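Enquirer: The structure under discussion is supplied below as structure tokens; questions concerning it will follow.
Please treat every number below as a calculation from the coordinates, not as lab data. For clarity, every value in this text was computed on a predicted model and none was experimentally measured. Backbone-built Cβ (ideal geometry, glycine too); neighbour counts: all protein chains shown.
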Amino acid sequence: MNHTPGAQMSILRILNGRGDTSVQWDRDGVAAGDPEALAAVAEAQRIFAQARAGGAVAFRFRAGKPAERLDTFDPTASEVLIIPAMVGG
């Protein structure tokens with residue numbers, strides 16, 4: 001994704017067996033109606049909903065504050081981490 005220097009970037013990270021997968025979006029672009037930013041946040045929302053439906057847990061991270069568990073997607077968060085449900089065996 002291309003973004004302008006100083007843009008308010010957000011990231012959704014999904015832990016998986018290969019490390020992690022991520023989706024980034026420009027919060028300013030979303031506010032301005034930029035199609036690329038809107039598509040990226042829509043993809044992040046889709047991934048979030050799918051992961052939560054599968055039992056994953058999500059957390060929002062903010063500088064200087066403890067991690068906060070999320071039950072609904074927050075497109076204004078700087079960073080969201082999704083941890084898949086553990087499979088026992």
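Enquirer: For segment 21-27, just list the computed ³J(HN,Hα) in residue order, Karplus coefficients 6.51, -1.76 and 1.60, θ = phi - 60°, integers in Hz, with x standing in for Gly and Pro.
Expert: With coefficients 6.51, -1.76 and 1.60, one gets 10, 9, 10, 10, 8, 9, 4 Hz.
Enquirer: With angles folded into 0 to 90 degrees, how steeply does helix 35-53 sit against the dominant principal axis of the chain? Use alpha carbons for both and round to 10.
Expert: Taking Cα atoms only, the helix is inclined about 10 degrees.
Enquirer: If I take every Cα pair under 8 Å that is 6 or more residues apart in segment 37-78, average their sequence separation and divide by the length, what percent do I get for the relative contact order? Walk me through the numbers on the way to the answer.
Expert: Numbers: 30 pairs, mean separation 14.4, N = 42.
It comes to 34 percent, rounded to a whole number.
Enquirer: I've got another one for you. Assuming 0.36 nm per residue, please report the length gained on full extension of the stretch residue 65 to residue 31 beyond their Cα-Cα distance.
Expert: Numbers: separation 34, 0.36 × 34 = 12.24 nm, distance 2.47 nm.
Computed gain between residue 65 and residue 31 is 9.8 nm.
Enquirer: For segment 8-77, state which trypsin sites (Lys or Arg not before Pro) are in a DSSP loop and have at most 14 other beta carbons lying within 10 Å of their beta carbon.
Expert: Details: sites: 13, 18, 27, 46, 52, 60, 62, 69; in loops: 18, 62.
Passing sites in segment 8-77 are 18, 62.
Enquirer: With n ≥ 4 as the cut-off for DSSP H runs, can you work out [θ] at 222 nm for the chain, using -39500 (n - 2.57) per run divided by the number of residues, rounded to the nearest 500? Provide the component values of the computation, followed by the final result.
Expert: On the way: 2 runs with 25 residues, N = 89.
About -9000 deg cm²/dmol.
Enquirer: Size of the dipole of segment 9-83 about the Cα centre, Lys and Arg at +1 and Asp and Glu at -1 on the beta carbon, nothing else charged, in debye to 20?
Expert: Values: 9 positive and 10 negative charges, 72 e Å.
Dipole size: approximately 340 debye.
Enquirer: May I pose another question? Counting only DSSP beta bridges with both residues in segment 9-83, tell me the antiparallel percent, nearest 5.
Expert: On the way: 16 of 20 bridges.
Roughly 80 percent of the DSSP beta bridges within segment 9-83 come out antiparallel.
Enquirer: Once you compute Rg and the Kirkwood Rh from C-alpha atoms, what is the Rg to Rh ratio for the chain?
Expert: Details: Rg = 13.4 Å, Rh = 13.6 Å.
A ratio of 0.99.
Enquirer: Related question: Express the relative contact order of the chain as a whole percentage, based on alpha carbon pairs under 8 Å and six or more residues apart in sequence. Walk me through the numbers on the way to the answer.
Expert: Working: 141 pairs, mean separation 27.4, N = 89.
About 31 percent, as a whole number.
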